[in-house]
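Working notes, beginning with the structure itself.
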Amino acid sequence: MRDQTGGSLQSVNRALTALELVADAGELGVSELGRQLGVHKATASRLAAVLAERGLLERDPVTERYRIGFGLVRLAGAAMSGLDLVRLARPILETLAERVREASNLGVRNGDDVVYIDQIAGSRSIVTVSWVGRRTPLHSTSNGKVMLAWADERDRERVIRGPLESYTEHTVTDPDVLRAELESIRRRGYAQTVEELEDGLNAVAAPVRQADGRVIAALGVSGPAFRMHAVDIPRIGLLTAEAAQAVSRQLGYLERGSAVG
């Protein structure tokens, strides 16, 4: 019985890992999936086929590669609909996206990453890339820097001391520079990144607090650098901070002292 249970748990763990790998990659073939799972191609093929039968993966008939299926999107939507944070923040995200005409988003911390749990497209977006469900590093994104700036000091120092991976020539990888920037973020009330995660992508984000004042999420705005210029960031940053404060009030947080942060 013990062996059967262990085998079942291993199969469940392998299936969940497969879903995470496909989600991170966007699309995977069975050979690549097998390599990353450490199993034979035939095993990966059977696993992917079972997940596809349940709608959790979808197979492209032309490339024969697998991507996330609508069954998983449905499950994610059911989970998200039960989150007060998403429900309360949605109308505020919509208003913010309309005001700045760029995409607004909501992210929460998961380990040493930020996971985006909602997004509203801006009116100027022709093609919108969905960030929902995507993971990004703490040190190179505005949402991540918000979560890092208000993290426990010991935890913050652990992340700052790295290693800090460089994604573009603008990514901050010097611990002293990052430490000083996080102090500025706490004073200013919002974070900003200028082409630090991706070339041509700028962003701002501000903290969302629950009733006891703890920062539980980051509300952000992102847009292409050719539209969202560095000179526009302070104005958008203040609007984003106002929106984050509005969500915080919905969660029962009563601001004390200054209006921002």
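Please go through (1) of a type in the set (A, V, I, L, M); (2) exposed (fewer than 15 other Cβ atoms within 10 Å of the Cβ); (3) touching a Ser or Thr at 6+ places or on another chain (Cβ under 9 Å) for residue 180 and return the number of the only condition it doesn't satisfy.
(3)
Every residue in segment 183-199 that is small (Gly, Ala, Ser) and open to solvent by 30 Å² or more (accessible area, probe 1.4 Å), please.
Selection gives 184 alone.
In segment 97-114, which residues are assigned to a strand (DSSP E or B) and either touching a helix residue (DSSP H, G or I) at 6+ places or on another chain (Cβ under 9 Å) or modelled with pLDDT of 90 or more (or both)?
Passing the criteria: 103, 104, 105, 106, 107, 108, 109, 113, 114.
Of 94, 58, which residue is crowded, with 16+ Cβ neighbours inside 10 Å, of a type in the set (Asp, Glu) and modelled with pLDDT of 85 or more? Outline the logic, then answer.
On the way: 94 fails: crowded, with 16+ Cβ neighbours inside 10 Å.
Answer to the check: 58.
Any residue at all in segment 202-213 that's among the basic types (Lys, Arg), surrounded by 13 or more Cβ atoms within 10 Å (Cβ to Cβ) and touching a strand residue (DSSP E or B) at 6+ places or on another chain (Cβ under 9 Å)?
Scanning segment 202-213, I find at least one residue that is among the basic types (Lys, Arg), surrounded by 13 or more Cβ atoms within 10 Å (Cβ to Cβ) and touching a strand residue (DSSP E or B) at 6+ places or on another chain (Cβ under 9 Å), so the answer is yes.
Checking the condition touching a helix residue (DSSP H, G or I) at 6+ places or on another chain (Cβ under 6 Å), assigned to a helix (DSSP H, G or I) and either at pLDDT 90 or above or surrounded by 11 or more Cβ atoms within 10 Å (Cβ to Cβ) (or both), which residue from 21, 51, 16 passes?
Result: 21 is the single residue among 21, 51, 16 that is touching a helix residue (DSSP H, G or I) at 6+ places or on another chain (Cβ under 6 Å), assigned to a helix (DSSP H, G or I) and either at pLDDT 90 or above or surrounded by 11 or more Cβ atoms within 10 Å (Cβ to Cβ) (or both).
Has segment 123-144 got at least one residue that is part of a strand (DSSP E or B), open to solvent by less than 30 Å² (accessible area, probe 1.4 Å) and over 30 Å from residue 70 (Cα atoms)? Give the derivation first.
To start, the set of residues in segment 123-144 that are part of a strand (DSSP E or B) comprises 132, 135-137.
The next check asks that each one be open to solvent by less than 30 Å² (accessible area, probe 1.4 Å); those that pass are 136-137.
Those left that are additionally over 30 Å from residue 70 (Cα atoms): none.
No, because not a single residue in segment 123-144 is part of a strand (DSSP E or B), open to solvent by less than 30 Å² (accessible area, probe 1.4 Å) and over 30 Å from residue 70 (Cα atoms).
The values are calculated or read from the model by the stated rules, or taken from the named source; none is laboratory data. Because the structure is predicted, anything quoted here is derived from the model rather than measured. In this analysis, Cβ positions are derived from the backbone assuming ideal geometry, glycine residues included, and neighbour counts consider all displayed protein chains. These accessible areas exclude ligands, DNA and RNA; they are computed on the full protein's heavy atoms, side chains included. Shrake-Rupley method; radii C 1.70, N 1.55, O 1.52, S 1.80 Å.
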